[in-house]
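Working notes, structure below.
The values are calculated or read from the model by the stated rules, or taken from the named source; none is laboratory data. Here the structure is a predicted model, which is why all the values come from computation and not from measurement. Backbone-built Cβ (ideal geometry, glycine too); neighbour counts: all protein chains shown. Accessible surface is based on the protein model in full, side chains and every heavy atom, while ligands, DNA and RNA are left aside. Shrake-Rupley method; radii C 1.70, N 1.55, O 1.52, S 1.80 Å.
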Amino acid sequence: MDALDRVVKPKTKRAKRFLEKREPKLNENIKNAMLIKGGNANATVTQVLKDVYALKKPYGVLYKKKNITRPFEDQTSLEFFSKKSDCSLFMFGSHNKKRPNNLVIGRLYDHHVLDMIELGIENFISLKDIKNSKCPEGTKPMLIFAGDDFDVTEDYRRLKSLLIDFFRGPTVSNIRLAGLEYVLHFTALNGKIYFRSYKLLLKKSGCRTPRIELEEMGPSLDLVLRRTHLASDDLYKLSMKMPKALKPKKKKNISHDTFGTTYGRIHMQKQDLSKLQTRKMKGLKKRPAERITEDQEKKSKRVKKN
């Protein structure tokens, strides 16, 4: 049995709190990412990992030591690091003659590799090479995906899902306009993925809505798709399963149309319209002759019942 798989009983209150944080929850914690350097990583790959870590802070763990492993051949070391650091996302950087400037981005489900995609770095401009002001740590980015490949090709569609998972940050209920500070732009064109990072500048426009300008912040990457290891449809569906407690309860007799208008159905007993109180008008008043005939009919009904 693996040392991390055995049942651990906490001996102190601090250890108990630590284990409770890692227990399964209805609303899971923010996904953390681990950035791992391979055994033969060069300066370019190392700097890419540092720049991605700067974007991910404080929801990332950067391993500075080299780790001799090959994710597509043996995934045990990735699963070990995932349990150790409680991370469900990873980025692995390596470099060799066959696959120079190599990045592997992936995610884990229940501390087992779900899917991973290998990308090659063709062009790279670092954060420090672009001399502009940077965004503060922990800023939630806006993600933009351009290109038909992200919606047509299965590999690109899964890559889009993986990148959203990796960079989206915490889930928030409200957004402040001043909090929209930077944009991550991914473009799929001619078999390449162009990754750009921009800082959002809100300028005066003379009206209530500000004028928006984009200023490149870095890093800038030109990537090419290499190998893929995708989860089966059944496993992928299982990983996205929502607990019953979080599913919204279906409300009876309520429907919505295509425009989002809500319609409600009301169930009522049959109404006697003859007893309905109407507006009193001279033209609707009964004549004396009509009243006499009604009184006679009522008397005849009573006599029959008796």
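At a 1.4 Å probe, what is the % contribution of carbon and sulfur to the accessible area of region 196-286?
54
I want to check the label-to-label distance for Lys31 and Arg265. Put each point 7 Å from Cα in the C-beta direction and report it in nm to one decimal.
3.9
Keeping every protein chain present and rolling a 1.4 Å probe, give me the accessible area per residue for region 1-90 in Å².
It amounts to 67 Å² per residue over region 1-90.
Points 7 angstrom from Cα along the Cβ direction at Glu154 and Ile125: gap in nanometres?
3.7
Could you give the size of the charge dipole of region 51-157 about its Cα centre, using +1 on the Cβ of each K and R and -1 on the Cβ of each D and E, expressed in debye and rounded to the nearest 20?
Once rounded to the nearest 20, the dipole reads 820 debye.
May I ask what percent, to the nearest 5, of DSSP beta bridges between residues of the chain are antiparallel?
Within the chain, antiparallel bridges account for around 75 percent of the total.
Amide H neighbours of Tyr109 under 5 Å, counting only residues 5+ apart in sequence or on other chains, H built in-plane at 1.01 Å?
Long-range HN contacts for Tyr109: Leu114.
When a/c is below 1.5 the answer is rounded, else prolate if a/b is larger than b/c, else oblate, so apply that to the chain with a ≥ b ≥ c taken from the square roots of the Cα gyration tensor eigenvalues.
Judged from the Cα gyration tensor, the chain comes out prolate (a/c at least 1.5, a/b above b/c).
Hey, rough spin-label estimate for Arg17 and Arg291, points 7 angstrom out along Cα→Cβ, what's it come to in nanometres?
Spacing of the two 7 Å Cα→Cβ label points: 8.6 nm.
Treating the angle as unsigned and between 0 and 90°, give the value, to the nearest 10°, between the Cα long axis of helix 43-56 and the longest Cα principal axis of the chain.
30
With a ≥ b ≥ c taken as the square roots of the eigenvalues of the C-alpha gyration tensor of region 26-77, please select rounded if a/c is under 1.5 and otherwise prolate if a/b is larger than b/c or oblate if it is not?
Verdict is oblate for region 26-77.
Can you compute the FRET efficiency between Ala245 and Ile68 using 1/(1 + (r/R0)^6), with r the Cβ-Cβ distance and R0 = 51 Å? Round to the nearest 0.05.
That gives a FRET efficiency of 0.75.
What are the ³J(HN,Hα) couplings of region 115-130, residue after residue, when phi is run through the Karplus curve with 6.51, -1.76, 1.60 and θ = phi - 60°? Round to Hz, x for glycine and proline.
The phi angles translate into 7, 8, 10, 9, 10, x, 8, 9, 8, 8, 10, 7, 4, 6, 6, 9 Hz.
Relative to a virtual label point 7 Å from the Cα of Glu213 in the Cα→beta-carbon direction, which members of region 127-154 show backbone nitrogen distances below 16 Å?
So the set is 131-134.
Can you tell me the length gained on complete extension of the stretch Ser255 to Arg176, counting 0.36 nm per residue apart and subtracting the Cα distance?
Once the chain is fully extended between Ser255 and Arg176, it gains 25.2 nm.
To test your reading of the geometry: what angle, between 0 and 90 degrees and rounded to tens, separates the Cα axis of helix 76-85 from the longest principal axis of the chain?
For helix 76-85, the angle is close to 70 degrees.
For the chain, what does -39500 (n - 2.57) per DSSP helix run (n ≥ 4), summed and divided by total residues, give at 222 nm, in deg cm²/dmol to the nearest 500?
Calculated from helices alone, the mean residue ellipticity at 222 nm is -7500 deg cm²/dmol.
Please list 137-150, 77-90, 206-219, 247-260 highest first by mean number of surrounding beta-carbon atoms within 10 Å per residue.
Highest mean packing first, the order is 77-90, 137-150, 206-219, 247-260.
Relative to the first principal axis of the alpha-carbon coordinates of the chain, what is the inclination of helix 154-167, with its axis defined by its Cα atoms, in degrees from 0 to 90 and to the nearest 10?
That helix lies at roughly 90 degrees to the long axis.
At a Cα cut-off below 19 Å, give the lysines reachable from Lys140, other chains included and same-chain residues fewer than 8 away excluded.
Lys31, Lys50, Lys56, Lys57, Lys160, Lys199
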